[in-house]
1. Of all residues in region 252-261, which are within 22 Å of residue 204 (Cα to Cα) and not small (Gly, Ala, Ser)?
2. Any idea how many residues of region 211-253 are of a type outside the set (D, E, K, R), closer than 19 Å to residue 283 by Cβ and modelled with pLDDT of 95 or more?
3. Only one residue in 150, 161 is open to solvent by 60 Å² or more (accessible area, probe 1.4 Å) and either touching a Pro at 6+ places or on another chain (Cβ under 6 Å) or without any contact (Cβ under 8 Å) to a residue 24 or more places away in the chain (or both), so which one is that?
4. Might you check whether a residue that is farther than 24 Å from residue 66 by Cα and either at pLDDT 95 or above or out of contact with any Lys or Arg (no Cβ under 9 Å at 6 or more places or on another chain) (or both) occurs anywhere in region 276-296?
5. So how many residues does region 143-165 have that are modelled with pLDDT of 95 or more, under 16 Å from residue 51 (Cα atoms) and not hydrophobic (A, V, I, L, M, F, W, C)?
6. Tell me which helices (runs of 4 or more DSSP H) are completely within region 208-296 and hold 1 or more residues being touching a strand residue (DSSP E or B) at 6+ places or on another chain (Cβ under 9 Å) and more than 24 Å from residue 127 (Cβ to Cβ), or say none if there are none.
7. Return the residues of region 62-84 that are more than 14 Å from the chain's Cα centre (by Cα) and not aliphatic (A, V, I, L, M); say none if nothing qualifies.
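The values are calculated or read from the model by the stated rules, or taken from the named source; none is laboratory data. Worth saying up front: this structure is predicted, and the values here are computed from it rather than measured. Note: ideal-geometry Cβ built from the backbone for every residue, glycine included; neighbour counts use all protein chains shown. Accessible surface areas use protein heavy atoms only, side chains included; no ligands, DNA or RNA. Shrake-Rupley method; radii C 1.70, N 1.55, O 1.52, S 1.80 Å.
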Amino acid sequence: MENLKKTFCRFDMVCDDPAGVGLEVIRMPQFFSRAQEMETDRFHMHGFYEIVWFKDGGGVHHIDFNDYPVEPGRIFFVSVGQVHSFDACREREGVVIKICPELIGGDCGSSDGGYLRFNVFDATDSLPYCDVPKEGVPLLDSLVAAIEEELKQDTAIGHKEYLQSLLRMFLITVQRQSGGRQHSVMNPARNSHRSFLAFRKLLEENYPRLHTVKDYASMLSITPKTLTQYVNECSPMTPLEMINSRIVLEAKRLLRYSVLSVKEIAFRLGFDDPSYFVKMFKRIVHQSPADYRESF
């Protein structure tokens, strides 16, 4: 994100390390000791995905203008570009896994990481966390331990592929054992669910320039009515609500954390007429962009 204010930080270390595989595991409370040095109690973003599993402790995790309580067994999924911070509490137990996007994959087929990426991450129509029951903890613990052990085997044959497999097993296990995060459980074998995940992917890639349901339906080679049916099956939001929500989320980020003018933000988000952007933002947020920025 360009033209950031001085109060904003961006971290990309896990992906910038040329000697690494794009994966790092950090245990709590050591993570928060490091985080204090790096000031991650300030709002920040990063170019990698992050899994934050709180096994014990409390407090608050701030993600994209919302406050979520930290509870034992709660796993947060922080996506690339999300703005978040932790409160000042340091007495927590848990695990943080940092993942470079290339390690997960990007397609939405049934046999690769794209399904996991756009089902677990980049899902702005869902809560950014899920709760794992106590009986699910031992298996997840064993998978994290296996990842940590494999990270030491950096010269072993198939090192990166082995880590990818362990990571996918962790994410699949979380989805199997937890409930309440998704409107429905995604099954990539179903055409409607696969198309919905593809819509999420296209939306994340194209929201600054494509603003209508017709645009995305055309890219998916289906009708707007069919896309609406698929989205209604998988999400509590309509396709248009998802599109507008993603645009407004980015607008909020830019209004709060950048020095771009409202007009510049409107153009960046694909609005030829800034007044239309202002009307759309005010209709959804119940504040004008200028008033929203002033509130901070």
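1. The initial filter retains those residues of region 252-261 that are within 22 Å of residue 204 (Cα to Cα), namely 252-258, 260.
Within region 252-261, 252, 253, 254, 255, 256, 257, 260 meet the criteria.
2. Matching residues across region 211-253 total 14.
3. Values: 150 fails: open to solvent by 60 Å² or more (accessible area, probe 1.4 Å).
Result: 161 is the single residue among 150, 161 that is open to solvent by 60 Å² or more (accessible area, probe 1.4 Å) and either touching a Pro at 6+ places or on another chain (Cβ under 6 Å) or without any contact (Cβ under 8 Å) to a residue 24 or more places away in the chain (or both).
4. Narrowing region 276-296 to residues farther than 24 Å from residue 66 by Cα: 276.
In the following step, the residues that additionally are either at pLDDT 95 or above or out of contact with any Lys or Arg (no Cβ under 9 Å at 6 or more places or on another chain) (or both) were identified as 276.
Checked region 276-296: at least one residue is farther than 24 Å from residue 66 by Cα and either at pLDDT 95 or above or out of contact with any Lys or Arg (no Cβ under 9 Å at 6 or more places or on another chain) (or both).
5. 1
6. 262-268
7. To start, the set of residues in region 62-84 that are more than 14 Å from the chain's Cα centre (by Cα) comprises 67-74.
Once the filter is applied, which keeps residues that are more than 14 Å from the chain's Cα centre (by Cα) and not aliphatic (A, V, I, L, M), region 62-84 yields 67, 68, 69, 71, 72, 73, 74.
A quick yes/no check of all residues on (1) closer than 22 Å to residue 206 by Cα; (2) surrounded by fewer than 19 Cβ atoms within 10 Å (Cβ to Cβ); (3) free of Cβ contacts under 8 Å to residues at least 40 places away in the same chain:
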site: 246; (1), (2), (3): yes, no, no
site: 249; (1), (2), (3): yes, yes, no
site: 263; (1), (2), (3): yes, yes, yes
site: 272; (1), (2), (3): yes, yes, yes
site: 279; (1), (2), (3): yes, yes, yes
site: 290; (1), (2), (3): no, yes, yes
site: 293; (1), (2), (3): no, yes, yes
